[in-house]
Amino acid sequence: MIEWPERNRPGFVAFHHDYREDGWGLGKPEDESYFDFEQIGEYMRGVLVHPGNFFGLIDQFGETLQFYVNDDRTVQIDFIVEARRGSMVKMAPLSECIALVESAGPSLAALVIPGAVFQAW
């Protein structure tokens, strides 16, 4: 059975970029900032509200799930599939994106993203 890196604090390494002057700033993947689910929800609600902003998660196996805000404020879900050189992609409202993350287990690869389609890079 796969376990969380921090047993009493389930979560992922998070990264983001908020382009607003008074926004949440920049958090790089190499910072390896570990966020629990409460922090993840807080950042998603704060960052994924402005076009061009993005937020991403990396699990302990290097799997990456990213979210990007479109001009119409819908959010693109992008789960990277390195082996196939592409991503599983879907447009969704922010509430669906948060629910998806909250349903995640220790491996992002186990996530089911209903309606996602594969896009080659």
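Screening the candidates F79, F61 for the property of being in contact with a helix residue (DSSP H, G or I) (Cβ under 9 Å, 6 or more places away or on another chain) and modelled with pLDDT of 95 or more yields one hit, F79. For segment 82-98, taking the residues that are out of contact with any strand residue (DSSP E or B) (no Cβ under 9 Å at 6 or more places or on another chain) and either at pLDDT 95 or above or more than 18 Å from V117 (Cα to Cα) (or both), the one that is surrounded by the most Cβ atoms within 10 Å (Cβ to Cβ) is identified as I98.
If we keep just the residues of segment 1-36 that are under 18 Å from F79 (Cα atoms) and among the aromatic types (F, W, Y), which is surrounded by the most Cβ atoms within 10 Å (Cβ to Cβ)? My answer is F12. Does D36 satisfy the condition of being in contact with a Gly (Cβ under 6 Å, 6 or more places away or on another chain), under 23 Å from V112 (Cα atoms) and among the acidic types (D, E)? The answer is yes for D36. Selection of segment 64-73 for residues being surrounded by 12 or more Cβ atoms within 10 Å (Cβ to Cβ) and modelled with pLDDT of 95 or more yields T64, L65, Q66, F67, Y68, V69.
Can you pull out every residue in segment 40-56 that is of a type outside the set (G, A, S) and loosely packed, with under 15 Cβ neighbours inside 10 Å?
If the condition is that a residue be of a type outside the set (G, A, S) and loosely packed, with under 15 Cβ neighbours inside 10 Å, then E42, R45, H50, P51 are the ones that fit.
The values are calculated or read from the model by the stated rules, or taken from the named source; none is laboratory data. Just so you know, these numbers come straight off a predicted model, no measurement behind them. Glycine also receives a Cβ, built like all others from the backbone with ideal geometry; neighbour counts cover every protein chain displayed.
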